[in-house]
Structures are given as C-alpha cells and as structure tokens.
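Beneath this line is the structure, given in structure tokens, with notes to follow.
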Amino acid sequence: MPVRQRLWQELDMLCRLGLGLAPIAPDVCALLRALVGADAAALFWMDGNGQPAGFHHEDSPTSVRNLFLNEPHLFTGAGETNIPTLAQPNGPRTGRLLAPGAQYFRSNSYNLLVRANGHHHTLDLRVEALGRTRAVVGLFRPPGPVSATRRPPC
C-alpha cells in the first residue's frame with residue numbers, strides 16, 4: 001500500500017475512535033504534517049458553542065503556550081485573525097492565511113504566536129461536521145520562499 005494512502009487510512013481510523021480530539025491531537029497533527037509536508041502543525045478544537053476548547057501545537061515553546069492560554073485578550077482585538085475568526089462558517093474553509101493582508105503581519109496573533117514559534121507561512125483548515133465547526137488546523141512553514149515544487153515526503 002502506498003505511504004500516502006496508509007497515512008489517510010490512519011487519520012480516518014483515529015478520527016473514528018470517538019475519543020474526542022484531545023487524546024488524539026498529537027497523532028492527528030503528525031499525520032496531517034506528513035500528508036501536507038509541513039514543518040509543524042497545530043490543532044484547535046471547539047466546544048458545543050463554537051468557542052475554542054483546547055489546542056495542541058507540536059513545537060510551541062512553553063512561554064508562547066502560556067501567553068496564548070493566560071492572555072487571550074491580546075488575540076481578540078480589532079484586526080486580529082484568531083481561531084474564533086477562522087472557525088466562522090462564512091468564508092473559505094481553507095487557505096485564509098495563505099495570503100493574508102498587511103494587517104495580519106502587524107497583529108498580535110502573528111507576532112506573538114505564529115512568528116514566535118518560528119513560523120511564517122500558514123495553511124489553515126476549518127473542520128466541519130454536522131453543520132458546525134469542530135476544529136481549526138494550522139500547518140506551518142518557516143520564513144522564506146514557498147516552492148510550488150516542494151512535495152510531502154510520501
């Protein structure tokens with residue numbers, strides 16, 4: 001069986017376990033990262049009201065995680081592109097952060113979270129089920145040019 005097909009099957013099996021995202025988040029991130037060829041992945045899951053309920057980021061320093069958890073007001077002001085924004089059902093389900101406006105690069109969300117993790121380029125994915133957003137995925141690349149010829153390792 002080709003590697004890529006096996007990875008998709010693993011992801012499908014994980015998501016069908018019925019455990020919720022918290023216990024499987026590290027495995028889901030690793031599989032998505034391998035499928036897309038990203039350097040790191042993050043998974044944010046939502047509660048029944050569509051608000052962030054938890055997250056897993058593969059390589060976030062403790063200081064960045066603490067800032068995100070303990071100072072949420074820094075990431076909710078005008079001009080902030082944050083998880084609740086990306087989780088909204090309007091707009092595209094993927095790629096809002098592939099070519100963001102200049103405001104994004106001046107935001108706390110970018111400077112205190114994304115850039116602080118050593119990332120620059122982000123592919124965002126809104127995961128929906130039964131008519132509501134269940135999760136938001138971020139797949140990251142460091143600063144530098146993104147090559148259209150770069151392929152995942154599988």
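So that you can scan it fast, the table gives a plain yes or no per residue for (1) at pLDDT 85 or above; (2) farther than 19 Å from ILE24 by Cα:
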residue: GLY54; (1), (2): yes, no
residue: GLU80; (1), (2): yes, yes
residue: TYR104; (1), (2): yes, yes
residue: CYS154; (1), (2): no, yes
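Consider THR133 against the criteria (1) surrounded by fewer than 12 Cβ atoms within 10 Å (Cβ to Cβ); (2) farther than 25 Å from ARG6 by Cα: it satisfies all of them except one. Which criterion is unmet?
(1)
Conditions tested, residue by residue: (1) among the β-branched types (Val, Ile, Thr); (2) over 13 Å from the mean Cα position of the chain (by Cα); (3) buried (at least 20 other Cβ atoms within 10 Å of the Cβ).
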| position | (1), (2), (3) |
| --- | --- |
| LEU67 | no, yes, no |
| PRO84 | no, no, no |
| PRO92 | no, yes, no |
| THR122 | yes, no, yes |
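Taking into account only those residues within the range 99-119 that are small (Gly, Ala, Ser) and in contact with a helix residue (DSSP H, G or I) (Cβ under 9 Å, 6 or more places away or on another chain), which is nearest to LEU86 (Cα to Cα)?
This residue is SER109.
Tally up the residues in the range 18-52 that are within 18 Å of ASP124 (Cβ to Cβ) and not hydrophobic (A, V, I, L, M, F, W, C), please.
Looking only at that region, the number is 6.
Hey, can you tell me all the residues within the range 63-83 that are part of a loop (DSSP other than H, G, I, E, B) and either touching a Gly at 6+ places or on another chain (Cβ under 6 Å) or over 22 Å from VAL137 (Cβ atoms) (or both)?
Once the filter is applied, which keeps residues that are part of a loop (DSSP other than H, G, I, E, B) and either touching a Gly at 6+ places or on another chain (Cβ under 6 Å) or over 22 Å from VAL137 (Cβ atoms) (or both), the range 63-83 yields GLU71, GLY77, ALA78, GLY79.
The values are calculated or read from the model by the stated rules, or taken from the named source; none is laboratory data. Only a predicted model underlies this, so the values are computations on that prediction, with no experimental measurement involved. No Cβ is skipped: glycine too gets one built from the backbone with ideal geometry, and neighbour counts run over all protein chains shown.
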